[in-house]
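Below is one structure; the comments refer to it alone.
Laboratory data are not the source of any read-out in this text; all were calculated from the coordinates shown. All of these numbers come straight from a predicted model, not from anything done at the bench. A quick note on method: Cβ atoms are made from the backbone with ideal geometry, for glycine too, and the neighbour counts reach across all protein chains shown.
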Amino acid sequence: MTAEAAGVAPRGPLTFITLTVLIDAMGFGLIVPVLPALVSELGGMPMNEAATMGGFLIMSYALAQFLFSPVIGGLSDAFGRRPVLLLSMAGFALSSLGAAAASTLAMLFVARILAGVTGASYTTAYAYIADVTPPARRAQAFGLVGVAFGMGFIVGPALGGFLGAGGSRLPFLAAAGMAGLNLLLGLLVLPESLPRHLRRSFDWRRANPVGSLRRLSTLGGALKRFAITYFLWMLAIQSLHGVWSYIVAYRYGWSPFDIGLSLTLVGVLAVLVNGLLVKRAVDMLGEWRTAVAGIMAGTIGYVVHIFAHVPALAYAGIIVGGLGGLTIPALQALMTERASATDQGELQGGLATLASITVVAGPLIFSQLFAAFSGAEARLHAPGAPFVLAALLSAAALALMLAAERPGKG
């Protein structure tokens, strides 16, 4: 009897995928505390102007993911998950080395674009989980991915802030080293999860952002509704992912170490929520109510951040908003249950395309809001303005879930 037939997921593959996500999250978390300083150094600009350039930098990363996520998902459906994951690990290591060696902003942009292309592999990681995990346990399995992200953001930013004291390039070298070790481990222990009889031919008409989104819209009415909710939620999150380092550096004068400490708390909460609460919440409430509860908590957290004029309120917003970590595992479970085994890679590619759109547009929008409402020339001084928009987007996602007919299983 297979693990899936027995109603459990095989531990070995899930352990490696979780470790892969952990290392990727650590690699990203390592560079977050030093990125504002590096952008400011390479561009020769003050911090509030560096925030705008940082928004374009994140946008270039996301644009690469937007273009390549459906391609990566389609390739994994055609040729298997293993080769796609391994090649992506190698590319991430190279991109980190390139960023460490950057002497101009242009070089940094090239490195981050390569990181975006290879970072599209998380669509394959989610498809891998769907391959080896029975539907009833997928919310818990996706929660483990959230734990890995959280652990990465506990260790990564803290280590990045520590290493950043020795220079803004050192964290990139550490990220490259971890990605290289992960590649070696994958070569040794990662099995293939997609049998040959479940693979389908690669089709460029489907493996592009437009085709991917069109296909996503045809997979069912409920799936479409959840996908819109996912999009609004992910766009709101960009207020934190895109400009948090710049806002807190401006508002409170925080150093890279202080920024890393705040992100460490984010990671701790992600581990607690995904590791301890997701399964219990889904068992007690069902997936739909769990997603609603997460969105409600996130909305409250954004409202707190609007008025966080002192660091204590910033930490309060992090703690309340941390319960928003319930949202994605529950939504992922709701959506994967409504897609066939042969469409899991394509589904994850479509969701990654939606997420990439938010990462393309979000940091640019939120960084422009921050720049417009901060600095000496701002007509209205309100550095919390990005969180106003985030709260509105999150509230819209909540309204969509509440107005929709509740799924029978959740």
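At 1.306 mPa s and 10 °C, plugging the Kirkwood radius over alpha-carbon pairs of the range 248-399 into Stokes-Einstein gives what diffusion coefficient in µm²/s? Estimated diffusion coefficient is 93 µm²/s. In this label model, R251 and L272 are separated by 2.0 nm, measuring between points 7 Å along each Cα→Cβ vector. Working note: Karplus 6.51/-1.76/1.60 with θ = phi - 60° gives the range 189-196 the couplings 10, 7, x, 7, 10, 10, x, 4 Hz, where Gly and Pro are set to x. A Gaussian network model of the chain, with springs between Cα atoms under 10 Å, assigns the largest mean-square fluctuation among P36, P363, P311 to P311.
Let me know the charge dipole size of the chain about its Cα centre in debye, to the nearest 20, where only the beta-carbon of Lys, Arg (+1) and Asp, Glu (-1) is charged.
Taking the Cα centre of the chain as origin, the dipole is about 760 debye.
When each of the peptides 63-75, 92-104 is scored by how many other beta carbons lie within 10 Å of its residues on average, the order from highest to lowest is 63-75, 92-104.
The long axis of helix 344-372 is offset from the longest Cα principal axis of the chain by roughly 10 degrees. With the chain treated as a Gaussian network of Cα nodes joined by springs under 10 Å, which of F109, F202, F387 yields the largest mean-square fluctuation? Top of the fluctuation ranking is F202. Orientation-averaged projection of the range 59-157 equals 7.1 nm² [convex hull of Cα atoms, one quarter of hull surface area]. Applying 0.36 nm per residue to the separation of R200 and I319 and subtracting their alpha-carbon distance, the gain on full extension is 38.4 nm. The alpha-carbon atoms of the range 19-58, seen along their principal axes, cover 37, 15, 13 angstrom, with the largest extent given first.
Here r is the Cβ-Cβ distance between K224 and A382 and R0 is 51 Å; the resulting FRET efficiency, rounded to 0.05, is 0.90. Within the chain, the longest segment free of exposed loop sites, counting GluC sites (Glu not before Pro) that fall outside DSSP classes H, G, I, E and B and have at most 10 other Cβ atoms within 10 Å, spans 1-376.
Mind checking the full-extension length gain between L285 and L87? Use 0.36 nm per residue of separation minus the Cα-Cα distance, one decimal, nm. Walk me through the numbers on the way to the answer.
Numbers: separation 198, 0.36 × 198 = 71.28 nm, distance 3.94 nm.
Between L285 and L87, full extension yields 67.3 nm more.
Only helical runs count toward this figure. For the chain, summing -39,500 (n - 2.57) over DSSP H runs of n ≥ 4 and dividing by all residues gives -25500 deg cm²/dmol at 222 nm. Does anyone have the angle between helix 81-100 and the longest principal axis of the chain? Alpha-carbon axes, 0 to 90°, nearest 10? In the chain, helix 81-100 runs at an angle near 10 degrees to the longest axis. Evaluating kT/(6 pi eta Rh) at 20 °C and 1.002 mPa s, with the Kirkwood radius of the range 105-164 over Cα pairs in the Stokes-Einstein relation, gives 154 µm² s⁻¹. For the chain, taking Cα atoms only, Rg and Dmax work out to 20.0, 68 Å respectively.
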